[in-house]
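J.: Questions regarding the structure given below will be posed in turn.
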Amino acid sequence: MISRTSISGAVDKGISGGEDSHLEVRNCLIEKANIGIASKDLSTVEVIDTEIVDCNYGLVLLQKKPEYGPAEISLKNVDIKNAKTEKLIEKGSVVKSNGKAIYGKEINVAARFY
């Protein structure tokens, strides 16, 4: 669990879950990062009571490694402010927010970052 943490100016990702990990982010502030929160390669990130501010990408979900699968992020009371792209979700991945699922449509998202 990552709790009560402020992250500012991360060149790459503020917080990143990967390779079938399960991560809880609670009461955090992530600002001025390239990517606020990333979930990749079959990981699940649960984000609660958190702000993501002034990032290029608020949330990014993708599959980077072929031996893994899509990613998931669950949001509860999360505020994304002033992101150039709020959510970048690869096909197969999903963001769950307020009882609603947002399924990805993007193809080969990893190529944009790696």
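J.: Please find, among 32, 65, 40, the residue that is at pLDDT below 95, of a type outside the set (A, V, I, L, M) and in contact with a strand residue (DSSP E or B) (Cβ under 9 Å, 6 or more places away or on another chain). If you could, list the steps in order and put the result at the bottom.
T.: On the way: 32 fails: at pLDDT below 95; 40 fails: at pLDDT below 95.
Only one candidate qualifies: 65.
J.: Out of the residues in region 10-41 meeting the condition of being assigned to a strand (DSSP E or B) and polar (S, T, N, Q), tell me which one is farthest from residue 89 (Cα to Cα).
T.: Among those residues, the one meeting the criterion is 16.
J.: Can you give me the number of residues within region 42-62 that are under 15 Å from residue 17 (Cα atoms) and within 12 Å of the chain's Cα centre (by Cα)?
T.: 10
J.: If I filter region 61-76 for residues that are of a type in the set (S, T, N, Q), over 18 Å from residue 113 (Cβ atoms) and touching a residue at least 12 places away in the same chain (Cβ under 8 Å), do I get at least one hit? Before you say what the answer is, go through the steps one by one.
T.: Of region 61-76, the ones of a type in the set (S, T, N, Q) are 63, 74.
Among the residues that remain, those that are also over 18 Å from residue 113 (Cβ atoms) are: 74.
Subsequent filtering for residues that are touching a residue at least 12 places away in the same chain (Cβ under 8 Å) retains 74.
For region 61-76, residues of a type in the set (S, T, N, Q), over 18 Å from residue 113 (Cβ atoms) and touching a residue at least 12 places away in the same chain (Cβ under 8 Å): present.
J.: If I go through region 10-36 residue by residue, how many of them are farther than 20 Å from residue 63 by Cα and touching a residue at least 24 places away in the same chain (Cβ under 8 Å)? Before you say what the answer is, go through the steps one by one.
T.: At the first step, the residues of region 10-36 found to be farther than 20 Å from residue 63 by Cα are 10-11, 25-33.
Subset that is touching a residue at least 24 places away in the same chain (Cβ under 8 Å): 10, 25-33.
Looking only at that region, the number is 10.
The values are calculated or read from the model by the stated rules, or taken from the named source; none is laboratory data. All values reported here derive from a predicted model rather than from experimental measurement. When we count neighbours, we look across all protein chains shown, and the Cβ atoms used for this are built from the backbone with ideal geometry, even at glycine.
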